[in-house]
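Colleague: Here it is, the structure, as structure tokens.
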């Protein structure tokens with residue numbers, strides 16, 4: 001007989017939490033599917049929004065950094081391609097961070113009325129931004145055809161870096177969305193961080209522009225490692241990865257993921273009382 | 001014992017609430033600034049320590065549940081009774097793991113589903129079909145299960161035509177019907193239900209009740225919170241009575257409901273009974289000195305079950321006997337509509353002239369009045385000649401449905417009396 005005994009006690013972190021998470025995988029899929037199918041309802045151009053936004057930003061950056069500021073590209077890669085190869089992970093990171101951090105307050109009615117592992121909500125929103133990412137990846141393909149630029153074998157590593165970008169956003173996203181339940185201040189922090197981060201991260205320029213002695217420090221921004229990785233995969237050898245820096249970015253991502261999950265788990269029990 | 005499925009031990013749930021301090025007199029700018037700075041400092045400190053922000057200057061702890069112990073056996077249907085704020089919903093929230101208890105522990109055996117609200121997580125932009133899958137998943141059904149029951153749900157909700165319409169275009173009736181239909185097809189071992197049956201029109205309510213009954217009889221364990229006593233009496237065999245977070249009584253439904261009503265009435269019977277205040281009246285020849293409603297063991301009460309007789313106790317004082325005096329009562333409902341009048345000439349009783357203090361007991365037969373709030377008009381008069389004493393709207397009392405055949409329509413107007421008609425087939 002499939003008898004499961006559940007004990008509810010204060011401060012008890014359930015042993016079967018991760019098993020529970022697995023049991024609720026269908027809810028995860030359905031919430032993700034809901035977010036995707038609702039996202040562009042009642043809009044005129046619909047999914048095209050996922051293309052228009054990064055595309056326009058890419059043009060502006062190419063003009064400002066490439067033409068006006070005349071920053072160097074990686075080798076002889078077209079500047080627009082270099083910008084867009086960074087735009088992809090950056091948009092993925094920023095939208096999933098934004099969505100994840102607002103996700104819990106957005107589902108207040110669910111949280112106060114039904115039980116399920118709360119981790120499902122922010123992680124499901126990340127899927128939505130991933131779908132947007134796939135759509136805007138089509139532009140990348142289009143641009144590569146336009147510039148007659150063939151990717152090398154490096155592109156096989158791309159899925160790894162996509163996952164890295166998602167994890168990079170999920171860590172702080174989980175932490176902030178949990179804090180958001182208690183203190184709504186954090187709702188105003190994320191848009192600012194995202195806006196600021198766009199200029200701090202090497203999106204509009206190559207990370208080689210940064211002087212050698214500062215590069216390690218620069219990699220404390222986890223997105224530097226991810227963006228470098230994307231460029232390396234898509235544009236090939238010209239945009240080599242600075243490995244020590246990449247290790248630091250990776251460590252930061254792992255640290256934030258650990259922080260996010262543990263903090264989220266800690267606060268999860270009281271969400272329904274505070275939201 | 002093996003068949004205990006829910007066991008709660010010393011369960012408690014604490015909330016902290018804030019109060020604004022009382023401040024009299026005029027307010028100086030200096031004080032306001034100082035207070036804001038202090039507030040900011042306190043909030044920052046709370047943030048650092050990970051405490052939630054509580055508005056107000058003074059904090060108070062409230063125990064929504066305190067020292068709650070109980071056991072529920074496999075297949076029992078249990079009603080949870082209590083006034084607003086007694087902790088009923090908090091108890092369900094703790095049991096369904098939505099919120100964590102502050103102390104104590106609960107052990108639950110089996111799959112739990114909770115229905116604290118119908119239509120949780122419905123998305124207005126999605127169609128009826130999509131929302132069935134969404135809501136089903138939220139309530140804990142698997143896709144396979146939903147698929148299997150899909151047609152049944154749609155038929156139950158009677159929305160076949162609108163399956164592919166976004167629910168934001170649904171009428172509110174269709175919306176709740178769909179929501180309830182999904183919930184009703186949940187198939188857990190333990191079901192926690194919070195006041196969700198009060199949806200839809202009478203027809204649909206009857207259907208819902210039938211479905212709940214079926215679930216209860218199907219050997220599943222149900223915990224049920226409602227204010228609708230009639231419905232609960234029909235569904236549940238046992239009950240818990242909660243008051244201020246404590247279980248004050250548990251046992252058979254009938255027993256707990258009686259206890260609840262007595263206990264509610266002790267809290268409020270002082271203004272429900274009448275006693276003369278007007279000193280002018282006592283110079284009259286005859287007057288009503290006191291009147292109150294009592295139960296069959298002479299306790300003053302104001303809540304009756306439909307199967308209880310309502311007894312009105314009238315105390316007359318007599319200074320001088322008058323001829324042809326009639327004592328009459330009229331029962332009025334809460335709209336002020338008169339339900340019936342009943343009267344007796346005093347001469348029909350054998351009264352001793354020397355007795356200047358007479359007590360009458362007027363018994364209204366059980367199961368005449370439908371559930372609701374009523375009051376009495378009591379009059380002492382000589383027909384067509386003189387009104388000697390008249391009390392308007394005294395001795396308020398409530399009739400509470402504890403399982404009549406019409407209990408499913410509770411809240412809607414189905415008339416003002418129960419009539420025991422004879423029905424037969426014409427051959």
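Colleague: Mind listing P(r) for chain B? All alpha-carbon pairs, 10 Å bins, whole percents.
Modeller: Here the calculated profile for chain B is 4, 16, 20, 19, 18, 13, 7, 2, 0, 0.
Colleague: Summing -39500 (n - 2.57) over the DSSP H runs of n ≥ 4 in chain A and dividing by its residue number, what mean residue ellipticity at 222 nm do you reach, to the nearest 500 deg cm²/dmol?
Modeller: Roughly -21500 deg cm²/dmol at 222 nm, from the helical runs in chain A.
Colleague: Continuing with this model, one more query. Taking only C-alpha pairs under 8 Å that are 6+ residues apart, what is the relative contact order of the stretch B:94-163 in percent?
Modeller: 24
Colleague: Can you quote the Å³ per residue value for the convex hull of the Cα atoms in the stretch A:1-99, rounded to an integer?
Modeller: Once divided by residue count, the hull of the stretch A:1-99 is 210 Å³.
Colleague: Please report the Cα spread of the protein assembly as shown along all three principal axes, rounded to whole Å, starting with the longest.
Modeller: Taking max minus min along each principal axis of the Cα atoms, the protein assembly as shown gives 124, 82, 54 Å.
Colleague: Oh, and also: Take the Cα coordinates of the stretch A:143-261, assign each an equal point scatterer, and use the Debye formula without solvent to give log10 I(q)/I(0) at q = 0.14, 0.18 Å⁻¹.
Modeller: Debye curve over Cα of the stretch A:143-261, log10 I(q)/I(0) at q = 0.14, 0.18 Å⁻¹: -0.66, -0.99.
Colleague: Hey, could you pull the Cα Rg and Dmax for the stretch A:179-246, both in Å?
Modeller: Reported Rg and Dmax, both Å: 14.7, 47.
Colleague: While we're on this one: Can you give the average number of partner chain beta-carbon atoms within 10 Å of each beta-carbon in peptide B:134-142, as a whole number?
Modeller: Partner Cβ neighbours, averaged per residue: 5.
Colleague: Next question. Could you work out, residue by residue across A:115-123, how many beta carbons of other chains sit within 10 Å of that residue's beta carbon, and then give the average as an integer?
Modeller: The mean count of partner-chain Cβ atoms within 10 Å per residue comes to 2.
Colleague: So what are the three principal axis dimensions of the stretch B:350-427 from its Cα atoms, in whole Å, longest to shortest?
Modeller: Principal-axis extents of the Cα atoms in the stretch B:350-427, largest first: 57, 35, 25 Å.
Colleague: Then there is this: What 222 nm value per residue comes from the helices of chain B, counting each DSSP H run with n ≥ 4 as -39,500 (n - 2.57) and dividing by all residues, nearest 500 deg cm²/dmol?
Modeller: About -8000 deg cm²/dmol.
Colleague: While we're on this one: Can you pull the mean other chain C-beta count within 10 Å for peptide A:18-24?
Modeller: Whole-number average of other-chain Cβ neighbours for A:18-24 is 1.
Colleague: Next up: Over 15 Å apart: what share of the alpha carbon pairs of the stretch A:85-174 falls there, rounded to a whole percent?
Modeller: 63
Colleague: In addition: Taking the Cβ of each residue in A:147, B:374 as the centre, tally the other Cβ atoms inside 10 Å and list the residues starting with the fewest.
Modeller: Listing A:147, B:374 from fewest to most nearby Cβ atoms yields A:147, B:374.
Colleague: Continuing with this model, one more query. So what is the relative contact order for chain B, in percent, with contacts set as C-alpha pairs under 8 Å and at least six apart?
Modeller: So the answer I get is 15 percent.
Colleague: While we're here: For chain A, report the translational diffusion coefficient in µm²/s to the nearest whole number, using Stokes-Einstein at 37 °C, 0.692 mPa s, and a Kirkwood Rh over Cα pairs.
Modeller: Rounded, D is 164 µm²/s.
Colleague: Further question: Counting other C-beta atoms within 10 Å, which of A:95, B:127, B:44 has the fewest, and how do the rest follow?
Modeller: B:44, B:127, A:95
Colleague: Right, here's the next one. For the stretch B:123-175, just run the numbers: alpha carbon Rg, then divide by 2.2 N^0.38 Å, N being how many residues it has.
Modeller: So the Cα radius of gyration is 1.06 times the expected 2.2 N^0.38 Å.
Colleague: Calculate how large, on average over all directions, the projected area of the Cα convex hull of the stretch A:46-125 is; give the answer in nm² to one decimal.
Modeller: Mean shadow area of the hull around the Cα atoms is 7.1 nm².
Colleague: Would you order A:258, A:90, B:63 from fewest to most other beta-carbon atoms within 10 Å of each residue's own beta-carbon?
Modeller: Ordered from fewest to most neighbouring Cβ atoms within 10 Å, A:258, A:90, B:63 come out as A:258, B:63, A:90.
Colleague: Report the relative contact order of the stretch A:1-92, percent, no decimals, based on alpha-carbon pairs under 8 angstrom and at least 6 residues apart.
Modeller: Relative contact order for the stretch A:1-92 comes out at 20 percent.
Only the coordinates and a few stated rules stand behind these numbers; no lab work does. Everything quoted here is computed from the prediction, not taken from an experiment. Cβ sites come from the backbone with ideal geometry, for glycine too, and all protein chains shown count toward neighbours.
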